[in-house]
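First comes the structure, then the notes that go with it.
Every number here is computed from the coordinates shown, using simple stated rules; none is lab data. Here the structure is a predicted model, which means the values were calculated and not measured. Virtual Cβ from ideal backbone geometry, glycine too; neighbours counted across all protein chains shown.
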Amino acid sequence: MLLEPPVEELVDIVGNKYKLSNLVARRANDIQKKNLLDSTECKDNEISIAAKEVYEGKIVSTN
């Protein structure tokens, strides 16, 4: 379960929950592919990393 950052705040940032889920899922997929190519392990799961990036403004929706 995603506790930090709060989902409600992420929805406010992105606009709606469907756009948020699509944005986070695509970014998490990119992170997972990069980790597989680099053979690196990360302590946080990809969804948490992607959600934090959205919260910090590193990832934005283009629509």
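Relative to the Cα centre, what is the charge dipole magnitude of the chain, using +1 at the beta carbon of each Lys and Arg, -1 at the beta carbon of each Asp and Glu, and rounding to the nearest 20 debye?
Approximately 280 debye in magnitude.
Straight distance only, please: which lysines reach the Cα of Lys43 with their own Cα at less than 21 Å, same-chain residues fewer than 8 apart left out?
By straight Cα distance, Lys43 reaches Lys33, Lys34, Lys52, Lys58.
Can I get the semi-axes of the chain's equivalent ellipsoid? Compute them from the C-alpha gyration tensor as square roots of 5 times the eigenvalues, in angstrom, largest first.
Values for the chain, descending: 21, 13, 9 Å.
DSSP loop (so not H, G, I, E, B), at most 10 other Cβ within 10 Å: list which trypsin sites (Lys or Arg not before Pro) in segment 4-45 pass both filters.
Lys43
For the chain, what's the relative contact order in percent, using C-alpha pairs closer than 8 Å and at least 6 residues apart?
Over the chain, the number comes to 43 percent.
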